[in-house]
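Chemist: Below is a structure I'd like to ask you about.
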Ligand SMILES: *[C@@H]1O[C@H](CO)[C@@H](O)[C@H](O)[C@H]1NC(C)=O
Ligand SMILES: *[C@@H]1O[C@H](CO)[C@@H](O)[C@H](O)[C@H]1NC(C)=O
């Protein structure tokens, strides 16, 4: 039964690739080091104009990184909320939600950007999260969702972290 299902699935994939469609977007490599590999794709079928990368490509024993954001948002960035979910296999290990733009006196330069404008900026990231989380070797999925205004989802990125 399982085998048959797999064969059927392979057939579907072959048909879809022949016709130039893809079922799930292929993950692109964001960075690789002897500590971690990070890959990403967008959650939906579409490609968002959003790229968030972190330097250096190291997680363990670090508390400072530089994030680079390249983004052409699909909505005005007046009020912006972000949700990050980290999971390892079927268990949801960690969930973080925060307002990153309040609409006034915001810390981030990209707050206030209008729909369709280009953001190309860096942000400093600090935290000792990597010391609190017990990061074992293996594969982690991090879903980053960005909402504007009254919970309109504007961007969703699916990162895969391979901890070595
Ligand atoms: C994220 O990617 C993983 C592995 O590529 C996949 O199993 C999972 O369904 C994806 N989740 C979402 C919300 O796109
Ligand atoms: C972003 O800005 C940097 C310089 O600040 C530039 O080198 C880079 O090419 C820009 N990226 C894009 C995608 O425009």
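Chemist: If we only count strands (runs of 3 or more DSSP E) wholly inside region 81-164, which ones have 3 or more residues that are more than 16 Å from ligand 2 (Cβ to nearest atom) and modelled with pLDDT of 85 or more?
Modeler: Strands (runs of 3 or more DSSP E) meeting the threshold: 91-101, 138-148, 152-163.
Chemist: Could you tell me whether region 44-59 includes any residue that is within 16 Å of residue 139 (Cα to Cα), modelled with pLDDT of 80 or more and within 14 Å of the chain's Cα centre (by Cα)?
Modeler: The answer is no; no qualifying residue exists.
Chemist: Contact list please: Cβ distance under 9 Å, first residue in region 27-45 and on the phi > 0 side of the Ramachandran plot and touching a residue at least 12 places away in the same chain (Cβ under 8 Å), second residue outside any strand (DSSP E or B) and surrounded by 14 or more Cβ atoms within 10 Å (Cβ to Cβ), pairs at least six apart or on different chains.
Modeler: Going by the 9 Å Cβ cut-off, there are no qualifying pairs.
The values are calculated or read from the model by the stated rules, or taken from the named source; none is laboratory data. Here the structure is a predicted model, which means the values were calculated and not measured. So basically every Cβ, Gly included, is an ideal-geometry build from the backbone, and we count neighbours across all protein chains shown.
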